[in-house]
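Just below is one structure, and these are the notes that go with it.
Coordinate-derived values only; no laboratory data. Because the structure is predicted, anything quoted here is derived from the model rather than measured. Ideal geometry is used to build each Cβ from the backbone, glycine not excepted, and the neighbour counts take in all protein chains shown.
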Amino acid sequence: MNVLRDRIAGSFYGLLVGDALGCPVEGYTPGKIRQIFGRITEMEESQRGWWPKGLHSDDGQQAIMVCDSILTDPERPGQVFAHLIVDMYQTGPKGFFKFGLHRGTGGNFRHTVKALSRGCKWNEGATVTAGNGAAMRIAPLALYFRDDLEGLARAVIDLTRVTHLDIRGLAAASAVAFIIARALSWEGKPAGLADEAMIEFVHELEERSSDLLQRKSNLHDFSEALRELFSFFDEPRQEVLKKIEEKANQTSLFPGGPTSGYVLASVMTSLYMFFSSQNFEQALTDTVMLGGDTDTTGAMTGQMCGALYGFEKIPRRWLENLVSFESLEDRINALLEKKISFRPKKTVIEMEKQWMEEFS
Ligand SMILES: [Mg+2]
């Protein structure tokens, strides 16, 4: 078995597994999840309307598009990504709860897609958002630029600025990407990846994004919160989550819990769930059981854990219920071989159309 391929596949499928595992309970409190499902140890059917078991949402969809963007043009993935998200919107039904082939998108993302559809430039449709939408989809960039941190930093900025102008949104994506790139070849416990090199990478990316986008607000909020997290993450879990929540609420417009869509909440919590993980299954189950933005915390914890523990450690029963299972093999091989101008057997639109028809 090729160890590196196992870890690349682990990260990509880990993201989709975490997304699908979290979808049925998105927005629930931990108490409500326990009341309805007990402990989430299986892919569940949604108890509130249409959502097929094992189907991924926007997190997984956008990760596949990020993959196709980097494999088309590793130097300018942002332009390709901007085209793809518009194509996904224009192909497919529109209306109440329907946004083309996109599923489960947030308001800021839809705003960007509409602006791009009306003809604005690829890098002029972003909103000032510190939401977790950039971090949730970032894995393919790290899988491609796994041994080139400079290339990774450039790609993260180029791709993320399509949707996110707030430095915190970019910084959060860079932290997740950095962890994945290093976890692919890491042999020790996940906590060992929480070191100064990570903070430096994020700090520098904050500076570069700030210069490029000419934004100064909240410049080092994320790297500072990351440093704080490292200082207390050996404390009991409830304490850590409480501190993450308190820290996030100091800079958030809307107070929320540790798994809200704000990057200082949910991205920090997912990083913590990864650093404190014992194995893939425990980490994902515990993450989803925290409630809140569960599809996205699942996708974030999943892509990091998958890069460290590998594909073989993802529970088989979860994969067998995953709608996208076995459909990403050619993309995983292309990431492994760092192909350029790669054309997948099926485009993301062909795949999503097929899944949409299958389940509607
Ligand atoms: Mg989602």
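A compact table of results
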{"read-out": "Cα-based shape type of the range 210-360, given that a ≥ b ≥ c are square roots of the gyration tensor eigenvalues and the cut on a/c is 1.5", "value": "prolate"}
{"read-out": "Under Karplus coefficients 6.51, -1.76 and 1.60, residue-wise ³J(HN,Hα) of the range 102-108 in Hz, glycine/proline x", "value": "6, 10, x, 7, x, x, 5"}
{"read-out": "Estimated [θ] at 222 nm from DSSP helical runs (n ≥ 4, -39500 (n - 2.57)) normalised by residues in the chain, nearest 500", "value": "-18000 deg cm²/dmol"}
{"read-out": "Residue-span extension gain [SER217 to ARG76] - 0.36 nm each, minus C-alpha spacing", "value": "48.2 nm"}
{"read-out": "Cβ-based exposure ranking for THR91, THR296, THR112, in which fewest neighbours within 10 Å come first", "value": "THR91, THR112, THR296"}
{"read-out": "Euclidean distance between Cα centres, the range 167-188 to the range 67-132, Å", "value": "23 Å"}
{"read-out": "Nearest-20 debye value, the chain charge dipole, Cβ charges on Lys, Arg, Asp, Glu", "value": "840 debye"}
{"read-out": "Qualifying trypsin sites (Lys or Arg not before Pro) for the range 108-178 [loop in DSSP, other Cβ within 10 Å: at most 12]", "value": "ARG118, LYS121"}
{"read-out": "Under 20 Å from LYS345, Cα to Cα: aspartates and glutamates that are on another chain or at least 8 residues apart", "value": "ASP68, ASP73, ASP87, GLU326, GLU329, ASP330, GLU337, GLU357, GLU358"}
{"read-out": "Packing-based exposure ordering (other Cβ within 10 Å, fewest first) of PHE96, PHE311, PHE254, PHE81", "value": "PHE96, PHE254, PHE311, PHE81"}
{"read-out": "At R0 = 41 Å, FRET efficiency that the Cβ-Cβ distance of ASP148 and GLU228 yields, to 0.05", "value": "0.90"}
{"read-out": "Cα gyration tensor category, rounded, prolate or oblate, for the range 3-359 with a/c compared to 1.5", "value": "rounded"}
{"read-out": "Shape call, the range 30-187: gyration tensor on alpha carbons, a/c limit 1.5", "value": "oblate"}
{"read-out": "Calculated FRET value between THR347 and GLN282, using beta carbons and R₀ = 51 Å, to 0.05", "value": "0.90"}
{"read-out": "Computed over the range 177-242: relative contact order in percent, which uses C-alpha pairs under 8 Å that are six or more apart", "value": "25 percent"}
{"read-out": "Dipole of the range 3-359, positive end: most advanced residue of LEU253, CYS120, THR301 [Cβ charges, Cα centre]", "value": "CYS120"}
{"read-out": "In Hz, Karplus ³J(HN,Hα) per residue of the range 39-45 (6.51, -1.76, 1.60; θ = phi - 60°; x = Gly, Pro)", "value": "9, 6, 10, 10, 5, 10, 7"}
{"read-out": "Sequence-separation-based contact order of the chain, relative, with Cα cut under 8 Å and 6+ spacing, percent", "value": "31 percent"}
{"read-out": "Computed E for ASN333/ARG118 - FRET, C-beta separation, R0 25 angstrom, nearest 0.05", "value": "0.10"}
